[in-house]
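What follows is one structure encoded as structure tokens, with my remarks underneath.
What follows is calculated from the coordinates using simple rules that are stated; it is not laboratory data. Just so you know, these numbers come straight off a predicted model, no measurement behind them. Methodologically, a virtual Cβ is constructed for each residue, glycine included, from the backbone with ideal geometry; neighbour enumeration extends over all protein chains shown.
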There are 2 protein chains.
Amino acid sequence: MVPKVVERLRAKGLRVTVEPGAGAGALIPDAAYEKAGATLGEPWSADIVVKVAPPTPEEIGRLRDGGVLIGFLAPLTEPENASRLAEAGVTAFAMESIPRISRAQSMDALSSQANVAGYRATLLAAQHSVRFFPMLTTAAGTVPPAKALVLGAGVAGLQALATAKRLGAHSTGYDVRPEVADQVRSVGAQWLDLGLDATGEGGYARELTDEERAEQQARLTKSITGFDVVITTAQVPGRRAPTLVTAGAVRDMRPGSVVIDLAGESGGNCELSVPGEVVNAEGITIVAPLNLPSEMPEHASELYARNVSALVELLVNADGALAVDFDDEIVSGSCVTRREGD
Amino acid sequence: MVPKVVERLRAKGLRVTVEPGAGAGALIPDAAYEKAGATLGEPWSADIVVKVAPPTPEEIGRLRDGGVLIGFLAPLTEPENASRLAEAGVTAFAMESIPRISRAQSMDALSSQANVAGYRATLLAAQHSVRFFPMLTTAAGTVPPAKALVLGAGVAGLQALATAKRLGAHSTGYDVRPEVADQVRSVGAQWLDLGLDATGEGGYARELTDEERAEQQARLTKSITGFDVVITTAQVPGRRAPTLVTAGAVRDMRPGSVVIDLAGESGGNCELSVPGEVVNAEGITIVAPLNLPSEMPEHASELYARNVSALVELLVNADGALAVDFDDEIVSGSCVTRREGD
């Protein structure tokens, strides 16, 4: 939560309680929340409790029977969260389950956090690179721009491409969904056409067949070696991330090149990635960061708070009192457990 | 040294010996030097020895009587280097003493390394910032661009400004020399006019009088508080760096803001800087990195090697043999000690 969004919720008639120190990670002092109209105190007994990560069993114990919890609840990978919340009589909404429909765009926390992750991924690549991203012209001669390849052109991939382009790198994007080629081009990047189509449902790619995957791999491995920077962002909800950058592809890259693997949390897109670590594989640096948005806490929090606030506004009436309409597509889509009788 | 420049020196008729492992820091394998025509071996007995940092007494002992050494030799801050080299009968050229004249631009290693430092300073600022540099427009609303201020508009400052602008920050530059305002504007940044003039000799600012400094300080301190990022690059050759960002200025910045102090090696431009460390002062992050070019080793080495190579070409004849013309302005300007009889 950030003070600006506290003000907005207050204006809608809600009382807001903030746990002391809640903004410390984002360097937001308690006083800033108070100034925005929040009360500092014990937040767990509120009608609606908002957090980021899934609640621990201890935290679930502190929620009140009949209360509402909103957060990233990992319904696909940690289904035990929903069971525990159900037992506690809590009605819970998972931010990652909000339907990807126009009306819910303002609540799309996956996208807003992916924007942060994509931006930070390119910064991380530039930081670990032994080379300039922009072309540099000096009296002693010119150094050419870095060549950056981004695999997966979702929100994170497009933001990574846009940031690499801004920094002056020669940027290229690839995705198994050929219809996103125009989006890649719209951020000033080139499209890498490997000649495969795997358009799926809900904005994600479908899984490829074994044969398609082998062909994609062979073509990708060949392409990757020409790049100074490869950023991978390919994820399939609830499954292990696909391997796109093989050990062989890394071996053929030029020493000093960098791989940033944004799929570290679901196993990684690079065969040599160690989630949360920086690996040096014969001169190639491979970084698989965990929770990149937490590295840019103020804006990551602000975007998340705005997304949550848009959902909260849908759950309350004009007086700011809890009034959940389970017939609403967004409400029913994001609800992972519902108290009996509600 | 980098393989490309080995090729160039070979083409001029020079034999090049590279110390095994010399490229390790820049992830350049020994084989790449060999492929470019270098011999791997003991380099200290060569006619011309090239390195980056000043030589240790032990290294000076390995240089041959009558040989030439080229490197950053810190003639103003470590005059003992020149005395030791003189005793050893070595003729030494300091890259930082090369005159700032048109003909010597290709040898200007201070500028090429400042280009690297300025670029890396902005990356470091973005990495430590809790906020986006670019403006971000999402369905949940817009976050404004970061506001970056760069103090000192030399090569490093201009590159820092250009990089911040590329990344999408609202960028502002300041220098005590008002005639560089157009250079600041030429990289897309705004000019901060505090109404002081301290144009000096040789491209550096002159020292301000006490009164001028107090007035500058008061005006700067007031301006600084409005910025998310402050990058300082103010140095006076051979002297302690001036304090531009006071503890009071830092205290008045918004929590989550960042100061990058590029003058850490000469004491720092920020009162709270600790050279080589990252300091958190009540929510403001202050970073005073040492030797930033070493963090981007391939291109830093490449630019330096090109600068050195331009000087080497001036010191040899058409056959690639040592033939030093001490009447040349560049040769005499950069020579810090000369073997008797040479």
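Some notes on this structure:
- Computed E for B:Lys35/A:Asp327 - FRET, C-beta separation, R0 56 angstrom, nearest 0.05: 0.20
- Using a 7 Å Cα-to-Cβ projection, B:Thr56 label spacings across copies, nm, ascending: 4.8
- Lysine pairs meeting the criterion (Cα under 16 Å, 8 or more apart or interchain), as found in chain B: 4
- With Cα atoms, 0 to 90° folded angle of helix B:297-315 axis to chain B main axis: 50 degrees
- Selection among B:Leu244, B:Ser171, B:Val143 by position relative to the dipole of region B:117-294 gives B:Val143 as farthest towards the positive end (Cβ unit charges, Cα centre).
- Comment: the Cα-to-Cβ extended label point of A:Arg206, at 7 Å, lies 7.6 nm from its counterparts in the other copies, nearest first.
- Nonlocal amide H pairs with B:Leu149, under 5 Å, H built at 1.01 Å: B:Thr172, B:Val229, B:Val230, B:Ile231
- The calculated Kirkwood hydrodynamic radius for the protein assembly as shown is 27.8 Å, given to one decimal from all distinct C-alpha pairs.
- Cα pair count fraction exceeding 16 Å, expressed as % - region A:268-331: 65 percent
- Interchain or long-range residues, amide H under 5 Å from B:Thr138's placed H: B:Val143
- FRET efficiency for B:Asp197 and A:Glu207, using Cβ-Cβ distance with R0 set to 60 Å, rounded to 0.05: 0.35
- Dividing the Cα radius of gyration of chain A by its Kirkwood radius returns 1.02 for Rg/Rh.
- The distance linking region B:181-232 with region A:192-245 is 50 Å (Cα centroid to Cα centroid, whole angstrom).
- With label points defined 7 Å past Cα in the direction of Cβ, position B:Asp319 shows copy-to-copy spacings of 10.3 nm, given to one decimal and shortest first.
- The distance between label points at B:Asp319 and A:Asn291 comes to 6.9 nm (points 7 Å beyond Cα on the Cα→Cβ vector).
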